[in-house]
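Nothing in this text is a laboratory measurement; each read-out follows from the coordinates by a stated rule. Note that this is a predicted model, so its numbers are computed, not measured. Glycine gets a Cβ as well: all are built from the backbone with ideal geometry, and neighbour counts include every protein chain shown.
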Amino acid sequence: MTSRRGFLKAGGLALFGIGMGGIPGFIVNAVAGIKQPGLFERKKILVCIFQRGAMDGLMAVTPFTDEYLKNARPSLFMSAAKSSGNNPLIDLDGRFGLHPSMSAFEKVFREKRMGIVHGIGSPNNTRSHFDAQDYMESGTPFKKGTDSGWLNRVVGLLGHDGETALRGVSLTSSLPRSFYGDNPAVAIGSLQDFNIQMKGNVSGANMAAKSFEDLYGKTSSGLLKETGKESFEAIKMLQKTDVKNYKPINGAIYPNSALGNSLKQIAQLIKMNVGMEVAFAESGGWDTHFNQGRETGIFARNVNDLSESIMAFWADMGTMQDDVTVMTMTEFGRTVKQNGTGGTDHGRASCNFILGNGVNGGLVHGIVNPMAIENLEDGRDLAVTTDFRAVFSEVADKHLKINNDKVLFPDWSGTKIGMMS
C-alpha cells in the first residue's frame, strides 16, 4: 500500500486554475461527513514574494548622497531634494531615499514595522536569471541539483507532520523551486476555479483525476486517518467558500494585478484557517534592460504595484498582523552604471523589504560602500555585503521559531544582521 508520506512525496499536491473545472466528486464525498472543518491552531505565517527578473535595488532605495552613483546614472539618478522635481525620493534617513512610487511603504517604515536590507545577494556571482533564482530558492548557492527548496525545508522544520498539506501554499500556476521537496506543498493558480493534479513521477506521468481517484481508492484508509483527511477537508472548505465575492477589511484595495490578486487570495486562505504557515507569490517584469524610466515608466509601475499590493494585504490582515511577516526577494541587482538604452544590466547586490510587527524596522540594514570603481564588484556592480541566507534564516528563525540553520541552509555558517527584533 502507498504510504501517506510516499503519496505526498510524489511531488506535492498541486491545485491550479482550469477554467470551468471543480473538485472531483469522490473527494467531496470522502469528506462529506466532516462537520466542522478548519480547526487548526492559529500559527505564525511567513509570506514570501519573489521579484523575478532582478530588481534594481539602487533605484528602489537610492543612496542619494553618493556622487559616484549620480555620475554613473545621468538620466536615471533621482534626488531627495524637494527642489529636484515634482516627485523626489522619500528621504528615509538622510542617506537612503525610497522611490516615490513606493510611497505606500513610508508609513510602516516610519512606524518601524518595515525594515530594508541593502547590499543583499548571493555569494555566487552568476548573472544568469535561471541559475541565480535556482540557487536562491534552493538555498544552496554553490550546489546545483539540490533536491529541496528552502521553503519546503521550512515546512518540514515546523514539525507538524500530521496536519494539512496546505501548510505550504504557492499562488502560482506551478510549484516554485522554493517548495520542491519531500514535505507537503501546493500550488494554487486560482481559488475560483481549480482541480487536483499530482505532480512528479507517479507512474511516469502527471496523474489525471481518474488516476488520482484510483490511487485514492488504494490509500484512502491511511490518508483519511492522517494528512489526507485534513487536506481534503481544506479542499472542501475552498470549494464551499465564496471566494469571488470576498470582501477585504480596513478599506484594503488590492491592485488588479497578478501580485495583487495573489496576495488577496493568500489573505483569504489565512482567514479561512486551513493550516497554512508558509505562502509564496511572484512579481515579474524586473529585468529592466531598456527604458527603465525614473519617476515614471516600467520600474515606477512595478514598484508601485509591489508596494500597493503588499500594503493592501497588510491592511486586510487587521488583527492578524502579529501573526504575519512578509519578505521580498530578487535573484540579483542591476549595474551601477546605466546602459546606452536607458536601462541597467545584470548586476550583483540588490535590496529587499521585510514587513511585520517583529521586524527591527525603520532602518536600512546592511553595508553599501561609496560607489567608486575600486569598491564595485568586477568594477561595475554594487558588491554583495549581506548573504541572502543571513536574512532568510533570521526571518524564519525569529518569526516561525525554527532555529535549525544547519538543515535550513546546510552550507551556510555566517552570522545574522539583527533584522528581526
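Filter the cross-link list Lys244/Lys398; Lys44/Lys143; Lys43/Lys236; Lys240/Lys264; Lys44/Lys240; Lys247/Lys401 down to pairs whose alpha-carbon distance in this structure exceeds 27 Å.
Lys244/Lys398; Lys44/Lys143; Lys247/Lys401
Expressed in whole Å with the largest first, what are the equivalent ellipsoid semi-axes of the range 108-178 derived from the C-alpha gyration tensor as the square root of 5 times each eigenvalue?
Ellipsoid half-lengths, sorted descending, are 24, 22, 12 Å.
Could you compute the FRET efficiency for Asn291 and Glu41, with r as their C-beta to C-beta distance and R0 at 51 Å, rounded to 0.05?
Efficiency at R0 = 51 Å is approximately 0.55.
How many angstrom separate the Cα center of the range 395-411 from the Cα center of the range 129-170?
One Cα centre to the other: 12 Å.
5 Å is the cut-off here: which amide hydrogens, built 1.01 Å from N in the peptide plane, fall below it relative to Gly97, excluding neighbours closer than 5 in sequence?
Thr62, Phe64, Leu92
For a protection proxy built on the mean count of beta-carbon atoms within 10 angstrom, sort 93-102, 133-142, 317-326 highest first, please.
Top of the packing list down: 133-142, 93-102, 317-326.
Sticking with the crude label model, points 7 Å out along Cα→Cβ, report the distance from Glu111 to Phe130 in nm, one decimal please.
According to this spin-label approximation, the distance is 4.3 nm.
In whole Hz, what ³J(HN,Hα) sequence does the range 309-323 give by Karplus (6.51, -1.76, 1.60; θ = phi - 60°), x for Gly and Pro?
5, 5, 6, 5, 4, 5, 4, 5, 6, x, 6, 8, 4, 5, 8
Can you give the Rg/Rh ratio of the range 348-421, where Rg is from the C-alpha atoms and Rh is the Kirkwood radius?
Over the Cα atoms of the range 348-421, Rg/Rh equals 1.03.
In nm, what is the difference between 0.36 nm times the number of residues separating Thr65 and Ile249 and their Cα-Cα distance?
62.3 nm
Provide the per-residue ³J(HN,Hα) series for the range 367-378, in order, calculated from phi with Karplus coefficients 6.51, -1.76, 1.60 and θ = phi - 60°, each as a whole number of Hz, with x at glycine and proline positions.
Once rounded to whole Hz, the list reads 10, 10, 7, x, 8, 5, 4, 5, 9, 8, 6, 6.
Using a simple charge model, +1 on the beta-carbon of Lys and Arg, -1 on the beta-carbon of Asp and Glu, nothing else, what dipole does the range 327-421 show about its Cα centre, in debye to the nearest 20?
260
For the range 253-379, what log10 I(q)/I(0) values come out of the Debye formula at q = 0.13, 0.15 1/Å, with one point per alpha carbon and no solvent?
Scattering profile of the range 253-379, log10 relative to I(0): -0.67, -0.84.
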